[in-house]
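Worksheet: the structure to be examined is printed underneath.
The values are calculated or read from the model by the stated rules, or taken from the named source; none is laboratory data. As the structure is a prediction and not an experimental result, all values here were calculated from the model. Here the Cβ positions follow ideal geometry from the backbone for every residue, glycine too, while neighbour counts run over all protein chains shown.
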């Protein structure tokens, strides 16, 4: 099961790269065509905006799975394991509620705009709002799985803190521990 999930998120990363590549090609190509040939790609602006929205939502999914979102952990990391678990459960329940709002709102918008076509491309606007549905389903599954692990006690004390202040803070903490270890050896 883990292999399937890893392959799925590798596919998402590939889609993110393809969205970025599509944006670059469309925008750069449009600029070159406008300045060099006094013409352009009429769907360039619209499709690049759609690629950007899909790239952001898919990137947020990958970051959620890899626990790569930034946050403030200075209080939570000082709590005992039961406090960390409580904060994780409350945080995940709140995120599940927000994910539900995104999912239900995007689903309603996709249904409303199913027959509405985009002005430049002629594609259904449901494709634009569909990314919220994709995000909501995937984020909900990730959050439910992590909530299950937290409630059943399958996460270590370190895994209960799902965010980091920044990578610089981790490096500073590592350097402080190194200095304390050296000071302990000198004494």
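Out of the stretch 64-83, which residues are at pLDDT below 90 and part of a helix (DSSP H, G or I)? Within the stretch 64-83, 76, 77, 78, 81 meet the criteria.
This table checks each residue for (1) surrounded by 12 or more Cβ atoms within 10 Å (Cβ to Cβ); (2) under 17 Å from residue 61 (Cα atoms); (3) touching a strand residue (DSSP E or B) at 6+ places or on another chain (Cβ under 8 Å).
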site: 18; (1), (2), (3): yes, yes, no
site: 27; (1), (2), (3): yes, no, no
site: 34; (1), (2), (3): yes, no, no
site: 37; (1), (2), (3): no, no, no
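The single condition among (1) on the phi > 0 side of the Ramachandran plot; (2) free of Cβ contacts under 8 Å to residues at least 24 places away in the same chain that residue 25 does not meet is (1).
Only one entry in 114, 70 is touching a residue at least 12 places away in the same chain (Cβ under 8 Å), in contact with a helix residue (DSSP H, G or I) (Cβ under 7 Å, 6 or more places away or on another chain) and surrounded by fewer than 17 Cβ atoms within 10 Å (Cβ to Cβ), namely 114.
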